[in-house]
1. Just checking my list [x] 0.98; [y] 1.04; [z] 1.11 against Rg/Rh (Cα atoms, Kirkwood Rh) computed from this structure; which label fits?
2. Please identify the trypsin sites (Lys or Arg not before Pro) of segment 294-336 that satisfy two criteria: DSSP loop assignment and at most 16 other Cβ atoms within 10 Å. Which are they?
3. Given DSSP loops and a limit of at most 15 other Cβ atoms within 10 Å, what is the longest stretch of the chain that contains no such chymotrypsin sites (Phe, Trp or Tyr not before Pro)?
4. Which pairs, out of Lys182/Lys277; Lys41/Lys117; Lys182/Lys261; Lys41/Lys277; Lys41/Lys151; Lys79/Lys232, put more than 32 Å between their alpha-carbon atoms?
5. Considering only the other residues whose Cβ falls under 11 Å of the Cβ of Leu27, what net charge follows from Lys and Arg at +1 and Asp and Glu at -1?
6. Assuming R0 = 25 Å, can you tell me the calculated FRET efficiency for the pair Lys261 and Lys232, based on Cβ-Cβ distance, to the nearest 0.05?
7. Between Gly343, Gly190, Gly145, where does the largest GNM mean-square fluctuation fall for the chain, given springs only between Cα atoms within less than 10 Å?
8. Distance from a point 7 Å along Cα→Cβ of Arg80 to each backbone N in segment 335-363: keep the residues under 14 Å and list them by number.
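Taken together, the values in this text are just the output of simple stated rules run on the coordinates, not laboratory data. In this text, all values refer to a predicted model and were calculated from it rather than measured experimentally. Neighbour counts run over all protein chains shown; Cβ positions are idealised from the backbone, glycine included.
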Amino acid sequence: MSELDVLVVGGGISGLAIAHSLARSGLAVEVWEGAERVGGKIRTVAMDGYRMESAASMVMNFRSEVNPFLRTAGLESSKRARAPTATRYVLDADRLVEVPSGLGDLLRTPLFSTLGKLRLLAEPLMPRGRNPHESVAEFVTRRLGREFLEKVFEPYVAGPLASDVDLAEARATMPRLTTLEKRYGSLALGALLRKVGRRGSGGCPEVFSFDGGMATLPEILARQGGFRVRDKLQVSEVWPVSGGWMTRGVGGDTPRVAFSKQLVLSIPADAAAGLVKGLDAELARELRAVEYAPVNVVHTGFDRARIRHPLNGSGFLVPRRSGFAPNGCLWMSSLFPDHAPEGRVLLSSYLGGARNPAAASWDAARALDAVMRMLRAVLGITVEPDMLHIESHARS
């Protein structure tokens, strides 16, 4: 029987990160993972010269703790910066429009009406909110107006976050923005003051991936994190004992039991509910109530010469009022050229999410038809893809 300071159940990125942090403090840590590999939904698939991400496509580094973490984890030398293309697009009336990134762009953009622009400029005059559980829709409408919500924030929350602006809590979903309001009383003023404070300290956040794709992150953490990983070990039971916890797992036909002073459950909420239901029925009920949205990631590869659009950006998001089913499309080979063979492009489109969960259950033919209908209209693609790969996440 193993005796540990900490046992972490679940070898996704959260479990690996906390195991690394605890091991660095000198504790004896193990991670038990039920699957054959670590990383959870972070997985990189190589096929026909393309490199496709199952879920997370890149790291957007907004936090000062990330770089020291990468150094201590042995990951800094594996970083690969995003290509210098910062243009972001959103679909408006079935045409691509650049998302404005500054005041000058805001005044010139065709994305917003004159009234919408005036409402945005009035943001510093809006009072602070009083409801700590305000939804994203309520927060953005109150501070920036309904037009900005529908054309920018709703597509962002439905796309990268696979969520719903009317259901997601602003404080949990957009903590950086709600903190600006709380601290400065204005998003615009707060952003300006922070920008001034960042001059000389690195400026804009980094965006990067790794050699070999995002799967490199959990793989190196598991190998060099200072803790032991046991994979293909499914936890079946946990129970408290004097001074700690007992955990039982099964790998193949072989049971394993471990004692740990502390226990971390870094697994899906429903799986955690199954382990704690005999210990805390109320906690189990709360965990079972957590909802997951399904998402399909549709990766398509094309001959670059057959696409009229310059693909000079990161991709585009699709608002809910659009007639297209996907939530958005990432131009992965524009961001990371090594993700596609020479002369080819990789486009990754997203179906489902909280906005349209039924779309995640479509078969491959229907999913591809929905994606191609959008890509033909928006990017002028006239051919079928020469590569198709679909990643399905029932609980994304």
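1. [x]
2. Arg308, Arg320, Arg321
3. Within the chain, the longest run free of exposed chymotrypsin sites (Phe, Trp or Tyr not before Pro) spans 63-291.
4. Among Lys182/Lys277; Lys41/Lys117; Lys182/Lys261; Lys41/Lys277; Lys41/Lys151; Lys79/Lys232, the Cα-Cα distance tops 32 Å for Lys182/Lys277; Lys41/Lys117; Lys182/Lys261.
5. Surrounding charge for Leu27 is 0.
6. 0.50
7. Among Gly343, Gly190, Gly145, the largest mean-square fluctuation in the Gaussian network model of the chain belongs to Gly343.
8. Output list for this probe position: 335-342, 346.
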